[in-house]
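FYI, it's all coordinate maths here, none of it is from the lab. What you are looking at is a predicted structure, and each value in this text was computed from that prediction instead of being measured. Every residue, glycine among them, receives a Cβ derived from its backbone with ideal geometry; neighbour counts consider all protein chains shown.
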């Protein structure tokens, strides 16, 4: 895949902006005298920029917001977009400004007059992320996004800064594509094939099919998928960009391509959104793509468990007991608490095979985390304060909301079963915490680990600054890419 819009960087040239068609966007400080290219463009537009900046509409804008002037006199453009962005803007404000341009982008493209702004590369990232639109299955006329020319005082420097960001953007959009796909297209087989195709980027990719999973003893994972026609799989993606003998960091993702709830059937209302229940696996895939594209100097292994949870005659029942790869037995209280069964086996396999330096798993695991944190923050659980602090710092730097929730023996005690080593569900109270406590039982004491519950952030309920309406967010790709750089590079 590639970015949804072609972005190139060129030297600042006011004359080019004045003659450009389509949309011209100009970065402007909140107030002050116009200078440089902005002043020249304003003169050509007969003072339209200066007048707009004196108005109430401009005063109400926040950093990163934009104001449109249609068919500006003296310019060839159909719209002049005034983007408020202070010289000392934050990363988030610069990306928001780029998103304002990306949202309005049409077939004729845009010319962006950035001048010497220090955050131009971040602006280009925001533009690429917001220009994304998943319209693959719309049969009507589709308008392709036109190219974007960004005019900057030091275009080579900005292009060098933007290169790694473009790799990350491609990872985010790969994740969005996966999460947005319908389940009749993104089967476990199709998902695995898309990951196998990333071998061309330099990843080593292995696909473990059901006979091999049975041989490994992954009965917890296999039990979830036994009611589906789609075969269960585990895909292992290795990026070996670091030192040869250095242990990799492991990223593990839940990949339930569709979740009916199984025999513990979900209500019909809202079930169509369960195409996003593979969001954790989607994020892991996007991170691995980003690392490969930017040639990251680290060793990382991504593992995803791909299953479909269906209510077939062969499906797992409430009351069944399954044996995990670790050897622990699990009483299945609720077949809709299936993600933790998938992760239990993949987490154990990751540790047994790779002995990772640390491990993070992601999953759209519980509705309870949405009750606790809404759609603003992912829930984070950890057995290691240092790793958790680094993760939260990376999330904050990337503007992706995350909040740590507790683990404790009191919650762990609730998992007791009268017929097996543990049960997979304890009901509604503290549901996201007890799910995390379940996963912790499959994490070795010596492995630094975080569990991230992304149920509330994978598919936001409302439009976000960098994400269009009713669209997968790709949450976590930017955070984990930064974390791998912070910890390993």
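Inter-label distance, residue 50 to residue 240: 6.4 nm, where each label sits 7 Å from its Cα along the C-beta direction.
The C-alpha atoms of the chain define a longest principal axis, and helix 279-293 lies at about 60 degrees to it.
The fraction of Cα-Cα pairs per 5 angstrom bin, counted from 0 for the stretch 346-424, comes to 3, 11, 17, 20, 23, 15, 8, 2, 1, 0 percent, rounded to whole percents. Annotation for residue 201 and residue 107: the two label points, set 7 Å from Cα along the Cα-Cβ direction, are 3.1 nm apart. Converting the Cα gyration tensor eigenvalues of the stretch 167-210 into ellipsoid dimensions via √(5λ) gives semi-axes, longest first, of 18, 17, 6 Å. Relative contact order of the stretch 1-93, taken over Cα pairs closer than 8 Å and 6 or more residues apart, is 36 percent.
State the extension gain, in nm to one decimal, for the chain segment bounded by residue 312 and residue 410, taking 0.36 nm per residue of separation less the distance between their alpha-carbons. Walk me through the numbers before you get to the answer.
Values: separation 98, 0.36 × 98 = 35.28 nm, distance 3.61 nm.
Stretched fully, the residue 312-residue 410 segment lengthens by 31.7 nm.
In the chain, Rg over Rh equals 1.03, where Rg is the alpha-carbon radius of gyration and Rh the Kirkwood radius from pairwise Cα distances.
Shape summary: the stretch 247-306 maps onto an equivalent ellipsoid whose semi-axes, from the alpha-carbon gyration tensor, are 31, 11, 5 Å in decreasing order.
Both radii come from the Cα set of the stretch 396-470: Rg as radius of gyration, Rh as Kirkwood radius; their ratio Rg/Rh reads 1.07. Kirkwood analysis of the Cα pair distances in the stretch 1-107 returns a hydrodynamic radius of 14.3 Å.
Give the calculated FRET efficiency between residue 389 and residue 141 to the nearest 0.05, with a Förster radius of 35 Å applied to their Cβ-Cβ distance.
The value I calculate is 0.10.
With respect to the chain, whose longest principal axis is taken over its alpha-carbon atoms, helix 339-354 is tilted by about 90°.
Give the percent of DSSP beta bridges with both residues in the chain that are antiparallel, rounded to the nearest 5.
Expressed as a percentage, antiparallel bridges in the chain total about 35.
Length gained on full extension, residue 21 to residue 156: 46.2 nm, using 0.36 nm per residue less the C-alpha separation.
Peptides 130-136, 46-52 ranked from most to least packed by the mean count of surrounding Cβ atoms within 10 Å: 130-136, 46-52. A crude spin-label estimate for the pair residue 43 and residue 268, with each label 7 Å from Cα along the Cβ direction, gives 6.8 nm.
Can you give the Rg/Rh ratio of the stretch 57-160, where Rg is from the C-alpha atoms and Rh is the Kirkwood radius? The partial results should precede the final answer.
Values: Rg = 14.3 Å, Rh = 14.5 Å.
With Rg and the Kirkwood Rh in hand, the quotient comes to 0.99.
Most simply put, the stretch 7-162 has about 20% antiparallel DSSP beta bridges, counting only bridges with both residues inside it. Would you mind classifying the stretch 413-456 by shape? Square roots of the alpha carbon gyration tensor eigenvalues, ordered a ≥ b ≥ c; an a/c under 1.5 is rounded, otherwise it is prolate if a/b is larger than b/c and oblate if not. Judged from the Cα gyration tensor, the stretch 413-456 comes out oblate (a/c at least 1.5, b/c at or above a/b). Helix 477-488 axis versus longest C-alpha principal axis of the chain: approximately 80°, rounded to the nearest ten. In whole angstrom, how far apart do the alpha carbon centroids of the stretch 278-328 and the stretch 116-154 sit? Value for the Cα centre distance between the two parts: 31 Å.
Summed over qualifying helices (DSSP H, 4 residues or more, each -39500 (n - 2.57)) and divided by its residue number, the chain shows a 222 nm mean residue ellipticity of -11000 deg cm²/dmol. Neighbour counts of C-beta atoms inside 10 Å place 60, 149 in the sequence 60, 149, starting with the fewest. State whether the stretch 354-489 is rounded, prolate or oblate according to the following rule on the C-alpha gyration tensor (a ≥ b ≥ c being the square roots of its eigenvalues): a/c under 1.5 gives rounded; otherwise a/b larger than b/c gives prolate, and the remaining case gives oblate. It is oblate, given that a/c is not under 1.5 and a/b is not larger than b/c. Over all distinct Cα pairs, what is the inverse of the mean 1/r for the stretch 182-239, reported as the Kirkwood hydrodynamic radius in Å? Across the stretch 182-239, the inverse of the average 1/r is 12.2 Å.
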